[in-house]
1. Mind checking the alpha-carbon convex hull of the stretch 24-171 and giving the volume per residue in Å³?
2. Amide H neighbours of Tyr343 under 5 Å, at least 5 residues apart or on other chains, H built in the peptide plane: list them.
3. Rg/Rh for the stretch 326-381 to two decimals, with Rh computed the Kirkwood way over all alpha-carbon pairs.
4. P(r) tail for the stretch 292-359, what percent of Cα pairs lie past 17 Å?
5. At a 10 angstrom cut-off on C-beta neighbours, averaged per residue, how do the peptides 1-14, 72-85, 48-61 rank from highest to lowest?
6. Assigning unit charges at the beta carbon (Lys, Arg +1; Asp, Glu -1) and nothing else, what dipole magnitude in debye, to the nearest 20, does the stretch 1-345 show about its Cα centre?
7. Using the scaling law 2.2 N^0.38 Å as the reference, what is the normalised Cα Rg of the stretch 231-381?
8. How far is the Cα center of the stretch 239-304 from the Cα center of the stretch 314-373, in Å?
Amino acid sequence: MIELIKQFFLLGCMSFGGPAAHVGYFERVFVKNERWLSEETFASGLAMSQFLPGPGSSQLGMYIGYQRAGYLGAFGAFVAFTLPSFALLTAAAVLNSSGQASDWVSTIISAAKLLAVVVVIDATVSMGKKFIASWSSAVVAVITILWLLLTPSGVLYQILPILIAGMVGAIGFAKPQQSHTAVSIAWRRSASIIGLFLLLLTVPWLFNQTLWVQVFNLFYQAGSFVFGGGHVVLPLLEPIVGDVVTDSALIEGYAAAQLVPGPMFTMASYLGASIDGLSPLWGSIIATIAIFLPGALLMFGVLPIWEAVKTQPRLAGAISLINASVVGLLAAALYQPVWVSAYTQPLDLLPIALGLIALIRWRVSVFWLLLLMMVYQFTIA
C-alpha cells in the first residue's frame with residue numbers, strides 16, 4: 001500500500017500532458033516496470049473508463065489501485081495522484097494567480113510536454129503490439145485514428161468509434177467461451193453504489209439554499225455529465241458552474257491547470273477556492289470532492305458487472321475490437337493534443353528520439369527523462 005501511494009504521488013508530481021500522457025505513464029509504471037497488472041487487465045480498465053463520465057485517467061488510476069489493494073488502494077491512488085495538483089491550484093487561487101507563468105516555469109512545462117510525446121509513443125506502440133493482432137483489429141484502429149483526426153472534438157465523436165467497434169466485435173467476432181463456470185455478479189453492491197450516485201445527483205436540490213451545498217451540487221453535476229476530461233472540461237464546465245464562479249476565475253483556473261501536473265479536473269480546486277462566501281481551503285475541498293466523486297461511484301458501480309460479463313463470448317469479441325479502437329484513440333491523441341502542443345521546431349526531434357531510445361532500450365526512469373528534456377529546453381531557451 002505504501003509503495004502504491006508512493007508511485008501515484010510521484011506520478012501526480014510529474015504527469016504533465018493530459019489524459020493521454022497519463023495513460024502512457026500508468027502503462028509504463030504499473031504494467032511494464034512494476035508488473036502489478038497485465039496488459040489485458042490494463043486495457044480492460046482503460047476501455048471501461050472511456051465509456052463513463054468523469055476524469056478518465058483518474059478513473060483508470062483508481063482501477064489500478066483497486067486491482068492492487070481493493071477499495072483502500074483505489075482511494076489511496078486517487079488521493080496520491082490528485083494531491084499535488086490540488087495543493088498547487090488551491091495555493092494559486094489563494095495568491096490570486098492570473099495564470100501567467102514566468103519564463104522558467106514555461107520552460108519546464110515545455111520539457112514536460114516533450115516527455116509526454118515520448119511516453120505516449122511508447123504506450124501506443126506497446127499496446128498496439130498487444131492488441132493489433134489481426135487485420136480486423138488493424139482496420140478498426142486505423143478507422144478510429146482517421147475518425148478522431150477528421151471530425152470535431154467532442155465526447156460523442158470520441159465514444160462513437162469505440163461503441164461501433166464493440167458492436168461489430170460482438171456480432172461478427174464472438175470468441176469461444178473462456179470459462180463455463182458461472183460468474184456471480186454482485187448486483188446488490190452495484191445497485192447500492194449506482195443508487196448513491198443518483199441520490200447525490202438529486203437530493204442536494206432539496207437543500208440548495210446553503211452555499212456549500214449549492215457548490216457541491218453544481219460541481220457534482222459537472223462531474224456527472226462531463227465526458228472525456230482534459231481540455232473538454234472548460235466548455236462543458238462553464239454553463240454548469242457559472243452561477244457561483246466568475247468568467248474571469250474560470251479562465252484563470254483553466255490557465256493555471258495547464259501549468260501543473262495531474263488531472264485537469266483539479267481546476268475545480270482553483271474554482272472552489274475562488275468562490276466568495278467560502279474559505280478558500282473549504283471551497284477547494286468541496287469542489288474537488290464533488291467533481292471527482294460521480295466518476296468514482298459510476299466506475300465502482302459498473303465494475304462488478306463489467307468484470308463478470310467480459311469473458312462472455314460476445315462481450316469478449318467486443319472487447320477485442322474495443323481494445324483495438326482504444327489503441328487508435330491513443331494514437332490519435334498522440335498527434336492531437338500531445339504532439340501539436342509539444343513540438344515547436346525540428347530540433348525537438350533530437351530529445352524525443354534520445355528519450356525513446358533510453359525508455360525502450362534501457363528502461364530509464366521517466367524522472368531522468370524529464371531532466372533530459374529540461375536540460376534541452378533550458379539550453380535552447
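All of the numbers you see were taken from the coordinates with simple rules; none came from a lab. Treat the numbers as computed from the prediction; the structure is a model and nothing was measured. Note: ideal-geometry Cβ built from the backbone for every residue, glycine included; neighbour counts use all protein chains shown.
1. 156 Å³
2. Those qualifying (amide H under 5 Å, at least 5 residues apart or on another chain) number zero.
3. Computed over Cα atoms, the ratio is 1.01.
4. Everything past 17 Å amounts to 68 percent.
5. 48-61, 72-85, 1-14
6. The calculated dipole for the stretch 1-345 is roughly 1040 debye.
7. 1.39
8. When both Cα centres are located, 28 Å separates them.
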